1. Take the Cα gyration tensor of the chain, multiply each eigenvalue by 5, square-root it, and list the three semi-axes largest first, rounded to whole angstrom.
2. Report the trypsin sites (Lys or Arg not before Pro) located in segment 49-138 that are in a DSSP loop and have at most 13 other Cβ atoms inside 10 Å of their Cβ, or state none.
3. Grab the Cα-Cα distance for VAL130 and GLN47, subtract it from 0.36 nm times how many residues apart they are, and report the gain in nm with one decimal.
4. Using a 10 angstrom Cβ neighbour count of at most 14 plus a DSSP loop assignment to flag exposed GluC sites (Glu not before Pro), which longest range of the chain is free of such sites?
5. In segment 11-149, with Lys and Arg counted as +1 and Asp and Glu as -1 at Cβ, which of these residues, PRO142, THR100, GLY69, has the Cα nearest the positive end of the dipole, that is, farthest along it?
6. Which of the residue pairs LYS24/LYS109; LYS56/LYS134; LYS24/LYS71; LYS56/LYS93 have a Cα-Cα distance greater than 28 Å in the structure shown?
7. Going 7 Å from the Cα of LYS9 along its beta-carbon direction, which residues of segment 63-86 have the amide nitrogen within less than 17 Å of the resulting point?
8. Using Cα pairs closer than 8 Å and at least 6 residues apart in sequence, work out the relative contact order for the chain, in percent.
Amino acid sequence: MEDFIWNIKTFDQLSTEELHRILKARIDVFVVEQNCPYPEVDGYDPQAIHLWVENKGEVAAYCRIFPPGIKYPESSIGRVLTSYKYRKMNLGKTLMRYATNTVEARFRKSSVRISAQDYLLDFYREFGFVHTGKSYLEDDIPHSEMLRA
C-alpha cells in the first residue's frame with residue numbers, strides 16, 4: 001500500500017492528465033463494467049471537489065463531493081467507485097471516511113445526501129447513511145436516496 005497516493009482537488013486544480021485518469025476510471029466502472037450507456041460527463045465536475053487514490057498513475061478509488069445547494073440542499077457525495085483490480089482492499093471504506101470528513105471540514109456540515117445503488121445500501125449504512133424511503137431506477141439500475149444527518 002506504500003505506492004498509494006491520496007489526492008483532493010477542486011476542478012480548477014486538476015491537471016488534464018488527472019482529469020483524464022478520473023474520467024477513464026468512471027467510464028470503466030459506470031459505463032463499461034455496469035453496461036450502462038449514459039452521459040458520464042454531466043456538467044457537474046467543475047463544481048465538485050475530487051477525491052481519489054491512485055497507484056502508479058491509475059485511479060484505484062474515487063468520488064466527487066459537492067457543497068450544499070448543488071445537487072441537493074445538503075452536501076453530497078457521488079460517483080463513488082473502486083476500480084475492479086483494487087476491490088477487496090478496503091479503499092472504498094477509506095474513501096468514504098475521507099469524503100465525509102471533507103464535508104465536515106470544508107463545509108462545516110455533517111449532513112450529506114447521496115444516491116446509492118441498492119446493492120451498496122449496507123455499505124453506506126456503515127457511515128451513518130439512512131434510507132430516506134425514496135427508491136427509483138436510474139439508468140435501469142435500482143437506486144435509493146440516503147441521508148447522513
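1. On the way: eigenvalues 93, 66, 51 Å².
After scaling each eigenvalue by five and taking roots: 22, 18, 16 Å.
2. Filter output for segment 49-138: LYS56, ARG87, LYS88, ARG108, LYS109.
3. Stretched out fully, the VAL130 to GLN47 stretch lengthens by 27.4 nm.
4. Counting at most 14 other Cβ atoms within 10 Å as exposed, the longest clean stretch of the chain is 41-125.
5. THR100
6. The answer is LYS24/LYS109; LYS56/LYS134.
7. Zone members listed by number: 63-65.
8. Working: 232 pairs, mean separation 26.2, N = 149.
Relative CO of the chain lands at 18 percent.
Bear in mind these aren't lab numbers, they're just calculated from the coordinates by the rules spelled out. Predicted, not measured: the structure shown is a model, and the values here were computed from it. Using ideal geometry, Cβ is built from the backbone for each residue, glycine included, and neighbour counts are taken over all protein chains shown.
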